[in-house]
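Notes for the one structure printed next.
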Amino acid sequence: MSKVLLNKKKKNYAKLVRKALIIAVSTAILAVIALYIVFTKSGQWLVNDDEFKHVKWVVILDGQSADMERNDFAAELVAQGKADSVLIMGRRVLRDRSNADFYSDDFLRHSSIDSTALFLAPHDDPSTISEAYTIIPWLKNRKADTVLLLTTAAATARVSNLFKTLAGEKPVFLTTDIHHYLYDANTWYVNRESRKNWLREWAALLYSKFELIGLDTLTAADSTYYAPIRSVSEEKKMEPVVDLQKFLKQANSKTQEVIESAAKDTTSKAKKDSVKTESKTEPKKDEAKKDVKKDEPKKEEKKDSKKEESKKDEKKDSKKEEPKKDEKKDNKKDESKKDSKKS
(Lines give C-alpha, C1' and ligand atoms only; values in the text may rest on other atoms or scores of the structure.)
Protein backbone atom coordinates (compact mmCIF):
# COMPACT_ATOMS: atom_id res chain seq x y z
CA MET A 1 0.00 0.00 0.00
CA SER A 2 2.81 2.35 0.81
CA LYS A 3 4.32 1.87 -2.61
CA VAL A 4 1.03 2.67 -4.29
CA LEU A 5 0.69 5.87 -2.29
CA LEU A 6 4.22 6.95 -3.18
CA ASN A 7 3.58 6.39 -6.86
CA LYS A 8 0.40 8.48 -6.68
CA LYS A 9 2.24 11.31 -4.94
CA LYS A 10 4.95 11.25 -7.55
CA LYS A 11 2.39 11.40 -10.33
CA ASN A 12 0.55 14.30 -8.69
CA TYR A 13 3.80 16.16 -8.18
CA ALA A 14 4.76 15.67 -11.82
CA LYS A 15 1.34 16.98 -12.88
CA LEU A 16 1.80 20.08 -10.71
CA VAL A 17 5.22 20.68 -12.17
CA ARG A 18 3.81 20.37 -15.68
CA LYS A 19 0.99 22.80 -14.88
CA ALA A 20 3.45 25.28 -13.41
CA LEU A 21 5.65 25.02 -16.47
CA ILE A 22 2.65 25.50 -18.77
CA ILE A 23 1.53 28.55 -16.80
CA ALA A 24 5.02 30.03 -16.82
CA VAL A 25 5.46 29.46 -20.54
CA SER A 26 2.01 30.87 -21.32
CA THR A 27 2.64 33.96 -19.21
CA ALA A 28 5.97 34.44 -20.93
CA ILE A 29 4.29 34.14 -24.31
CA LEU A 30 1.57 36.60 -23.26
CA ALA A 31 4.24 38.99 -22.01
CA VAL A 32 6.05 38.78 -25.33
CA ILE A 33 2.80 39.41 -27.21
CA ALA A 34 2.00 42.34 -24.92
CA LEU A 35 5.45 43.82 -25.47
CA TYR A 36 5.08 43.35 -29.19
CA ILE A 37 1.75 45.15 -29.12
CA VAL A 38 3.18 47.92 -26.97
CA PHE A 39 6.19 48.40 -29.23
CA THR A 40 4.20 48.29 -32.47
CA LYS A 41 0.51 49.03 -32.07
CA SER A 42 0.61 51.50 -29.16
CA GLY A 43 2.56 53.96 -31.27
CA GLN A 44 -0.02 53.67 -34.03
CA TRP A 45 -2.93 54.07 -31.62
CA LEU A 46 -1.80 57.66 -30.99
CA VAL A 47 -2.02 58.49 -34.71
CA ASN A 48 -5.32 59.37 -36.38
CA ASP A 49 -4.62 59.55 -40.11
CA ASP A 50 -7.79 60.58 -42.00
CA GLU A 51 -8.06 60.33 -45.76
CA PHE A 52 -9.33 63.36 -47.68
CA LYS A 53 -9.39 64.75 -51.21
CA HIS A 54 -10.12 68.41 -50.56
CA VAL A 55 -10.60 70.63 -47.49
CA LYS A 56 -11.69 74.25 -47.31
CA TRP A 57 -9.59 75.10 -44.26
CA VAL A 58 -6.19 74.02 -42.96
CA VAL A 59 -5.37 75.00 -39.38
CA ILE A 60 -1.68 74.93 -38.38
CA LEU A 61 -1.52 74.52 -34.61
CA ASP A 62 1.36 76.03 -32.70
CA GLY A 63 4.37 73.94 -31.71
CA GLN A 64 6.09 72.97 -34.94
CA SER A 65 9.84 72.53 -34.98
CA ALA A 66 12.44 74.72 -36.65
CA ASP A 67 12.05 72.65 -39.83
CA MET A 68 8.60 74.23 -40.36
CA GLU A 69 7.25 70.81 -41.35
CA ARG A 70 3.60 71.88 -40.93
CA ASN A 71 4.12 74.96 -43.08
CA ASP A 72 5.63 72.83 -45.83
CA PHE A 73 2.80 70.29 -45.67
CA ALA A 74 0.12 73.02 -45.87
CA ALA A 75 1.94 74.82 -48.70
CA GLU A 76 2.06 71.56 -50.67
CA LEU A 77 -1.69 71.06 -50.16
CA VAL A 78 -2.38 74.59 -51.43
CA ALA A 79 -0.12 74.03 -54.44
CA GLN A 80 -1.95 70.78 -55.28
CA GLY A 81 -5.35 72.46 -54.96
CA LYS A 82 -6.39 70.33 -51.97
CA ALA A 83 -6.87 73.31 -49.62
CA ASP A 84 -8.43 76.74 -50.08
CA SER A 85 -7.54 78.75 -46.96
CA VAL A 86 -4.94 78.44 -44.22
CA LEU A 87 -5.19 79.57 -40.60
CA ILE A 88 -1.91 79.82 -38.65
CA MET A 89 -1.94 79.83 -34.87
CA GLY A 90 0.97 80.92 -32.69
CA ARG A 91 1.64 81.90 -29.12
CA ARG A 92 2.94 85.35 -28.24
CA VAL A 93 6.71 85.13 -27.78
CA LEU A 94 7.64 88.83 -27.76
CA ARG A 95 5.91 91.98 -26.58
CA ASP A 96 4.20 92.62 -29.91
CA ARG A 97 5.20 89.54 -31.92
CA SER A 98 3.96 85.95 -31.92
CA ASN A 99 4.88 82.66 -33.52
CA ALA A 100 2.05 83.22 -35.99
CA ASP A 101 3.91 86.21 -37.44
CA PHE A 102 7.10 84.23 -37.96
CA TYR A 103 5.21 81.22 -39.36
CA SER A 104 3.29 83.43 -41.81
CA ASP A 105 6.48 85.11 -43.07
CA ASP A 106 7.98 81.69 -43.79
CA PHE A 107 4.74 80.45 -45.37
CA LEU A 108 4.52 83.41 -47.75
CA ARG A 109 8.12 82.84 -48.86
CA HIS A 110 7.52 79.18 -49.71
CA SER A 111 3.95 79.32 -51.00
CA SER A 112 2.05 81.12 -53.74
CA ILE A 113 -1.09 81.54 -51.63
CA ASP A 114 -3.06 84.76 -51.85
CA SER A 115 -2.68 87.00 -48.81
CA THR A 116 -6.48 87.16 -48.50
CA ALA A 117 -6.59 83.37 -47.93
CA LEU A 118 -3.93 83.28 -45.22
CA PHE A 119 -5.24 84.09 -41.72
CA LEU A 120 -3.34 84.67 -38.48
CA ALA A 121 -4.45 83.84 -34.94
CA PRO A 122 -1.86 85.05 -32.40
CA HIS A 123 -2.87 83.92 -28.92
CA ASP A 124 -1.76 83.27 -25.36
CA ASP A 125 -3.39 79.84 -25.07
CA PRO A 126 -1.31 77.47 -22.94
CA SER A 127 -2.88 74.21 -24.18
CA THR A 128 -4.63 72.54 -27.11
CA ILE A 129 -8.06 72.75 -25.50
CA SER A 130 -7.59 76.51 -25.16
CA GLU A 131 -6.75 76.70 -28.86
CA ALA A 132 -9.98 74.81 -29.57
CA TYR A 133 -11.94 77.37 -27.56
CA THR A 134 -10.26 80.09 -29.62
CA ILE A 135 -10.89 78.93 -33.17
CA ILE A 136 -14.02 76.70 -33.11
CA PRO A 137 -16.48 79.61 -32.66
CA TRP A 138 -14.63 81.64 -35.30
CA LEU A 139 -14.82 78.76 -37.78
CA LYS A 140 -18.51 78.34 -37.03
CA ASN A 141 -19.03 82.01 -37.79
CA ARG A 142 -17.31 81.40 -41.12
CA LYS A 143 -19.56 78.36 -41.70
CA ALA A 144 -16.61 76.08 -42.34
CA ASP A 145 -17.48 72.54 -43.42
CA THR A 146 -14.22 70.55 -43.25
CA VAL A 147 -11.11 71.60 -41.36
CA LEU A 148 -7.76 69.81 -41.43
CA LEU A 149 -5.75 70.16 -38.23
CA LEU A 150 -1.97 69.94 -38.57
CA THR A 151 -0.08 68.83 -35.48
CA THR A 152 2.51 66.20 -34.57
CA ALA A 153 1.62 62.65 -35.53
CA ALA A 154 1.63 61.47 -31.91
CA ALA A 155 -0.96 64.12 -30.95
CA THR A 156 -3.43 63.55 -33.79
CA ALA A 157 -5.72 61.16 -31.88
CA ARG A 158 -5.91 63.47 -28.86
CA VAL A 159 -6.43 66.63 -30.94
CA SER A 160 -9.11 64.97 -33.07
CA ASN A 161 -11.00 63.82 -29.97
CA LEU A 162 -10.81 67.29 -28.38
CA PHE A 163 -12.02 69.26 -31.40
CA LYS A 164 -14.75 66.79 -32.38
CA THR A 165 -16.13 66.74 -28.84
CA LEU A 166 -16.16 70.52 -28.49
CA ALA A 167 -17.36 71.30 -32.04
CA GLY A 168 -20.17 68.78 -32.34
CA GLU A 169 -21.34 67.95 -35.83
CA LYS A 170 -19.92 70.99 -37.64
CA PRO A 171 -17.31 71.72 -38.71
CA VAL A 172 -15.85 68.29 -39.39
CA PHE A 173 -12.29 68.14 -38.10
CA LEU A 174 -9.72 65.87 -39.74
CA THR A 175 -6.14 65.05 -38.79
CA THR A 176 -3.27 63.49 -40.72
CA ASP A 177 0.21 62.11 -40.17
CA ILE A 178 2.72 64.54 -41.69
CA HIS A 179 5.48 61.89 -41.37
CA HIS A 180 8.12 63.92 -39.59
CA TYR A 181 11.27 62.29 -38.21
CA LEU A 182 10.50 63.36 -34.63
CA TYR A 183 7.86 60.63 -34.35
CA ASP A 184 7.55 57.39 -36.29
CA ALA A 185 4.55 55.34 -35.20
CA ASN A 186 6.13 52.03 -36.20
CA THR A 187 9.62 52.52 -34.74
CA TRP A 188 8.96 55.02 -31.95
CA TYR A 189 10.99 52.96 -29.43
CA VAL A 190 14.20 53.38 -31.47
CA ASN A 191 14.44 57.17 -31.34
CA ARG A 192 14.80 59.04 -28.05
CA GLU A 193 12.55 61.94 -29.12
CA SER A 194 9.92 59.48 -30.32
CA ARG A 195 9.98 57.71 -26.96
CA LYS A 196 9.48 61.02 -25.19
CA ASN A 197 6.59 61.95 -27.48
CA TRP A 198 5.02 58.51 -27.00
CA LEU A 199 5.08 58.76 -23.21
CA ARG A 200 3.97 62.40 -23.15
CA GLU A 201 1.09 61.89 -25.58
CA TRP A 202 -0.28 58.84 -23.81
CA ALA A 203 -0.41 60.82 -20.57
CA ALA A 204 -1.99 63.81 -22.35
CA LEU A 205 -4.57 61.59 -24.09
CA LEU A 206 -5.73 60.05 -20.82
CA TYR A 207 -5.88 63.44 -19.13
CA SER A 208 -7.84 65.00 -22.03
CA LYS A 209 -10.53 62.31 -21.71
CA PHE A 210 -10.88 63.21 -18.06
CA GLU A 211 -10.88 66.93 -18.91
CA LEU A 212 -13.70 66.64 -21.46
CA ILE A 213 -16.13 65.12 -18.96
CA GLY A 214 -19.15 67.39 -18.59
CA LEU A 215 -18.18 69.96 -21.28
CA ASP A 216 -20.78 71.14 -23.76
CA THR A 217 -20.27 71.83 -27.44
CA LEU A 218 -19.22 75.33 -28.45
CA THR A 219 -21.34 77.69 -30.53
CA ALA A 220 -20.55 80.75 -32.61
CA ALA A 221 -21.33 82.98 -29.63
CA ASP A 222 -18.91 81.23 -27.24
CA SER A 223 -15.75 82.93 -28.49
CA THR A 224 -13.63 84.47 -25.75
CA TYR A 225 -10.92 85.55 -28.16
CA TYR A 226 -9.40 88.89 -27.16
CA ALA A 227 -8.73 90.13 -30.72
CA PRO A 228 -10.22 89.40 -34.15
CA ILE A 229 -8.55 86.86 -36.40
CA ARG A 230 -7.56 88.69 -39.58
CA SER A 231 -6.00 87.81 -42.90
CA VAL A 232 -2.54 88.96 -43.90
CA SER A 233 -3.98 91.52 -46.34
CA GLU A 234 -6.16 92.98 -43.56
CA GLU A 235 -3.16 93.09 -41.25
CA LYS A 236 -1.21 95.06 -43.85
CA LYS A 237 -4.07 97.54 -44.20
CA MET A 238 -4.21 98.00 -40.43
CA GLU A 239 -0.48 98.65 -40.20
CA PRO A 240 0.78 102.19 -40.95
CA VAL A 241 2.45 102.51 -44.34
CA VAL A 242 6.08 103.51 -43.98
CA ASP A 243 7.99 104.94 -46.96
CA LEU A 244 11.46 103.56 -46.50
CA GLN A 245 12.99 105.83 -49.16
CA LYS A 246 11.82 108.97 -47.35
CA PHE A 247 12.93 107.50 -44.07
CA LEU A 248 16.40 106.79 -45.47
CA LYS A 249 16.65 110.32 -46.93
CA GLN A 250 15.68 111.84 -43.60
CA ALA A 251 18.14 109.63 -41.80
CA ASN A 252 20.94 110.57 -44.23
CA SER A 253 20.18 114.29 -43.93
CA LYS A 254 20.20 114.04 -40.15
CA THR A 255 23.49 112.20 -40.14
CA GLN A 256 25.01 114.82 -42.46
CA GLU A 257 23.78 117.60 -40.19
CA VAL A 258 25.27 115.88 -37.21
CA ILE A 259 28.59 115.40 -39.02
CA GLU A 260 28.68 119.05 -40.16
CA SER A 261 27.85 120.35 -36.71
CA ALA A 262 30.51 118.12 -35.21
CA ALA A 263 33.05 119.37 -37.78
CA LYS A 264 32.14 122.99 -37.02
CA ASP A 265 32.50 122.38 -33.31
CA THR A 266 35.89 120.80 -33.80
CA THR A 267 37.13 123.66 -36.03
CA SER A 268 35.88 126.31 -33.59
CA LYS A 269 37.55 124.49 -30.72
CA ALA A 270 40.77 124.21 -32.69
CA LYS A 271 40.71 127.96 -33.44
CA LYS A 272 40.09 128.80 -29.82
CA ASP A 273 42.90 126.51 -28.72
CA SER A 274 45.29 128.06 -31.27
CA VAL A 275 44.41 131.58 -30.11
CA LYS A 276 45.02 130.59 -26.51
CA THR A 277 48.34 128.98 -27.33
CA GLU A 278 49.47 132.04 -29.32
CA SER A 279 48.50 134.39 -26.49
CA LYS A 280 50.50 132.23 -24.10
CA THR A 281 53.57 131.97 -26.33
CA GLU A 282 53.87 135.72 -27.20
CA PRO A 283 55.10 136.90 -23.74
CA LYS A 284 57.53 134.00 -23.72
CA LYS A 285 58.93 135.13 -27.08
CA ASP A 286 59.38 138.70 -25.78
CA GLU A 287 61.21 137.43 -22.74
CA ALA A 288 63.41 135.29 -24.93
CA LYS A 289 64.30 138.32 -27.10
CA LYS A 290 65.18 140.37 -24.01
CA ASP A 291 67.37 137.58 -22.71
CA VAL A 292 69.12 137.39 -26.08
CA LYS A 293 69.79 141.15 -26.03
CA LYS A 294 71.19 140.88 -22.51
CA ASP A 295 73.42 138.01 -23.48
CA GLU A 296 74.93 139.83 -26.50
CA PRO A 297 77.17 142.33 -24.50
CA LYS A 298 78.29 139.51 -22.29
CA LYS A 299 79.36 137.53 -25.33
CA GLU A 300 81.30 140.53 -26.70
CA GLU A 301 83.06 140.99 -23.35
CA LYS A 302 84.00 137.34 -23.35
CA LYS A 303 85.38 137.65 -26.88
CA ASP A 304 87.50 140.69 -25.90
CA SER A 305 88.84 138.95 -22.83
CA LYS A 306 89.77 135.94 -24.97
CA LYS A 307 91.63 138.17 -27.45
CA GLU A 308 93.64 139.87 -24.69
CA GLU A 309 94.58 136.54 -23.19
CA SER A 310 95.72 135.28 -26.58
CA LYS A 311 97.95 138.41 -27.00
CA LYS A 312 99.46 137.91 -23.57
CA ASP A 313 100.25 134.31 -24.39
CA GLU A 314 101.97 135.35 -27.63
CA LYS A 315 104.17 137.86 -25.77
CA LYS A 316 105.17 135.24 -23.23
CA ASP A 317 106.13 132.83 -25.99
CA SER A 318 108.26 135.49 -27.73
CA LYS A 319 110.11 136.22 -24.49
CA LYS A 320 110.84 132.57 -23.98
CA GLU A 321 112.23 132.22 -27.50
CA GLU A 322 114.75 135.18 -27.06
CA PRO A 323 116.91 133.55 -24.34
CA LYS A 324 117.06 130.45 -26.47
CA LYS A 325 118.57 132.49 -29.29
CA ASP A 326 121.14 133.95 -26.92
CA GLU A 327 122.07 130.47 -25.76
CA LYS A 328 122.64 129.46 -29.35
CA LYS A 329 124.97 132.40 -29.88
CA ASP A 330 127.01 131.53 -26.75
CA ASN A 331 127.27 127.97 -27.93
CA LYS A 332 128.70 129.14 -31.24
CA LYS A 333 131.28 131.33 -29.47
CA ASP A 334 132.43 128.44 -27.29
CA GLU A 335 132.84 126.26 -30.30
CA SER A 336 135.04 128.86 -32.04
CA LYS A 337 137.21 129.13 -28.94
CA LYS A 338 137.69 125.40 -28.80
CA ASP A 339 138.73 125.37 -32.43
CA SER A 340 141.30 128.06 -31.86
CA LYS A 341 142.82 126.13 -28.97
CA LYS A 342 143.06 123.04 -31.04
CA SER A 343 144.83 124.87 -33.76
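The values are calculated or read from the model by the stated rules, or taken from the named source; none is laboratory data. All of these numbers come straight from a predicted model, not from anything done at the bench. Positions of Cβ are generated from backbone atoms using ideal geometry, with glycine treated the same way; all protein chains shown enter the neighbour counts.
So is D106 in contact with a helix residue (DSSP H, G or I) (Cβ under 7 Å, 6 or more places away or on another chain), more than 18 Å from T151 (Cα to Cα) and modelled with pLDDT of 90 or more or not?
Here the answer is no, as D106 does not meet what is asked.
Would you point out which residue out of V78, V86, V38 is surrounded by 12 or more Cβ atoms within 10 Å (Cβ to Cβ) and assigned to a strand (DSSP E or B)?
V86
For residues that are in a helix (DSSP H, G or I) and out of contact with any helix residue (DSSP H, G or I) (no Cβ under 8 Å at 6 or more places or on another chain), tally how many sit in region 201-229.
Of the residues in region 201-229, 4 are in a helix (DSSP H, G or I) and out of contact with any helix residue (DSSP H, G or I) (no Cβ under 8 Å at 6 or more places or on another chain).
Does A153 satisfy being within 36 Å of the chain's Cα centre (by Cα) and surrounded by fewer than 22 Cβ atoms within 10 Å (Cβ to Cβ)?
No: the conditions fail for A153.
Report whether or not S233 is more than 23 Å from I37 (Cβ to Cβ), of a type in the set (G, A, S) and not in a loop (DSSP other than H, G, I, E, B).
yes
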